[in-house]
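The values are calculated or read from the model by the stated rules, or taken from the named source; none is laboratory data. Since we're looking at a predicted model, the values are computed, not measured. Every residue, glycine as well, gets a Cβ built from its backbone with ideal geometry; the counts of neighbours run over all protein chains shown. Note: areas computed on protein heavy atoms with side chains; ligands, DNA, RNA excluded. Shrake-Rupley method; radii C 1.70, N 1.55, O 1.52, S 1.80 Å.
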Amino acid sequence: MTTGSQTSGPDAVAHRAWNRHTPRQRWGRFAGFLLVVAATVWSLSTIDIFWPWLWDAPQQMGDLFRRMVPPDTSQWKGILTALIETVNIATIATFFAVFLSLPVALIAAQNTTPNRVTLWLGRFILVSSRSVNTIVWALLFVAIFGPGVIAGILAIIFRSLGFLGKLIGEAIEEIDRAPIEALEATGATRTKVLLYGVIPQVIPTFFAVSILRWDINLRESTVLGLVGAGGIGLILQGAIDTFAWQTVATILLAIIALVIAGEAVAAWLRKKVI
Amino acid sequence: MTASTSITRKTWRKPPFIANPWLRWGLIVGIGVYIVWATSTLPFDWERVREGLPRAARIFNNAFPPSFERSGLLISGFSESIKIAIVAPLAGVGLSVPVAFMAARNISPAPIYAIGRAIIIIARSFHPVIVAILFVKAVGFGPLAGILTLTIYSIGFVAKMLAERIEEIDWGQVEALRAAGAGTLVTLQYAVLPQIMPRQIGLTIYQLDSNLRASAIVGIVGAGGIGGTLMNAFGRYDYDFALAITLCIIGVVLVSEAVSGQIRRALW
């Protein structure tokens, strides 16, 4: 309307070219992009890869799969026993890890920990448990107790502890203060406050993360045998070492079935319990 | 009569977590029976556990203090792990985009949807260590097997999350472009991709971090990286060097977790 008289105000704003990002954002995005490219180029140019092997890979994989069909099911009894052992390792380990993780979660949560020392002790347990992979824990326990299911169960317990403790600890930190204050006002002891004020509030999370962890542990326990810690991995390793590829195929199919069944059971439990 | 007594009862009882008593006691008894049965079927050897305790003490004595003498080996192992962890998620994320489109119910026709889902299920069912063994057999020892393994691992996770995001997109933009006569590719590029881009970038950064963890263990079966060094140290009873490697893995994982957390927070 009054284009000539108004040089500032809404009109100037309307004529300004619209940009999605400010120049600073654009430079930032460009720098990020450049960084990704540089990192990729550096990795690809210095990594120790024999490139012909990569071009050969599809053919080699095809060859491997051809040797796997048809799956040889004659060993099904041994495979089934190993599968049951795998499930048992995962379940027993989850069961004990759940109980051990509760006190750790309580001392690692800021609002329930008795003092700073226990807080840091709790955090130390959580971090060291989570940063070491199950396989590495298994290597350690196989070195200590020798090959077998004990090493596997302990490895999974030690790994699950940090995961369960961290998630339950976070749930404890987010609880509603009011019931606890009410309990404290009636003169309840510390144990009673925990039992009636804290635990009922975190029980849903507690069951949810336990079921989730059981599902993860089922997958993890399929590879424990590769370092000698029991379960189906042991016979998988044996079949691969003897180039019994058709048996390998059966074992791999059994693992897929186990993992899918585990997911189904976990989903059913979650619906039923929570 | 009965109603008034129940009201005047003084002691309050905590309501049970599972309201149905049959389900509650069924679950408790079932779990108890199962644990007892499962524990009894496992071939525990308590003799070996008893022997193991002094061995544990010996191992910990040997492990302290951690030895950083062979730091050259440590650094070369880590740099290989990091390279694997950079290349693999890029390849994996690149490949996971088409797989995610295939596995999104609202975009793909039924048979392609089934193929996409099958790829995701198979990629997710196998632990990376199992995939690594197969790749080591197919393409030989070294980082190539590690990269291929973690590519599969990334596809399983990223494609699954991305497909879920694609199924949740705002369909209005797709309809608008279709109404304007845009082809399938153009519709994907302008209506679908911009909506899933933030999730895609976040997942990629998450994968960098998670692949760094995984690349530390695929080396245990010979697929390159620091895991191989760790396995050798264990095999030679070099527990002080093994402890040094483990401490470094913990440090690197914590740093990468912090960095990726920062980047993701800045992006979202």
Quick one: Karplus J couplings for the range B:184-190, per residue in order, coefficients 6.51, -1.76, 1.60, θ = phi - 60°, nearest Hz, x for Gly and Pro?
-> 4, 5, 5, 4, 4, 5, 9
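Scan chain B and note any complete DSSP helix (H) whose C-alpha atoms cover at least 15 Å along its axis and whose Kyte-Doolittle average is -0.5 or more.
Taking the DSSP H segments of chain B (at least 15 Å long, mean hydropathy at least -0.5), we get B:21-41, B:71-102, B:110-125, B:128-139, B:143-154, B:193-218, B:239-267.
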With every protein chain left in place, what is the accessible area of A:Trp137 in Å² (1.4 Å probe, nearest 10)?
-> 40 Å²
Find the percent of Cα-Cα distances in the range B:72-267 that exceed 26 Å, and round it to a whole number.
-> 40 percent
Cα gyration tensor, the range A:43-86 - rounded (a/c under 1.5), prolate or oblate = oblate
Does chain A classify as rounded, prolate or oblate by the C-alpha gyration tensor (a ≥ b ≥ c root eigenvalues; a/c under 1.5 gives rounded; else a/b over b/c gives prolate, otherwise oblate)?
-> oblate
The correct ranking of A:Thr91, B:Thr187, A:Thr189 by accessible area at 1.4 Å, largest first, is A:Thr189, A:Thr91, B:Thr187
Using a basic spin-label model with each label point 7 Å from the Cα along Cα→Cβ, how many nm lie between B:Arg50 and A:His21?
-> 6.8 nm
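Once you charge only the Cβ atoms, +1 for Lys and Arg and -1 for Asp and Glu, what is the size of the charge dipole of chain A about its Cα centre, to the nearest 20 debye?
For this selection, approximately 560 debye.
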Asked for the total accessible area buried by B and A (1.4 Å probe, Å², nearest 100), one would answer 5500 Å²
Summing -39500 (n - 2.57) over the DSSP H runs of n ≥ 4 in chain B and dividing by its residue number, what mean residue ellipticity at 222 nm do you reach, to the nearest 500 deg cm²/dmol?
-> -25000 deg cm²/dmol
Using a 10 Å cut-off on Cβ atoms, rank the peptides A:22-29, A:214-221, A:55-62 from the highest mean neighbour count down.
-> A:214-221, A:55-62, A:22-29
Count the lysine pairs in the protein assembly as shown that are 8 or more places apart or on different chains: how many have C-alpha atoms under 28 angstrom apart?
-> 15
If ligands, DNA and RNA are left out, what is the accessible area of A:Leu80 with a 1.4 Å probe, given in Å² to the nearest 10?
-> 90 Å²
Heavy-atom accessible area of the range B:114-231 with neighbours in place, 1.4 angstrom probe: carbon+sulfur share in percent works out to 66 percent
At what distance in angstrom do the alpha carbon centres of the range B:31-68 and the range A:165-202 lie from each other?
-> 35 Å
In terms of the alpha carbon gyration tensor, root eigenvalues a ≥ b ≥ c, rounded if a/c is under 1.5 and otherwise prolate when a/b exceeds b/c or oblate, the range B:125-235 is prolate
Determine how large the accessible area of B:Leu53 is when every protein chain is in place; take a 1.4 Å probe and give Å² rounded to the nearest 10.
-> 110 Å²
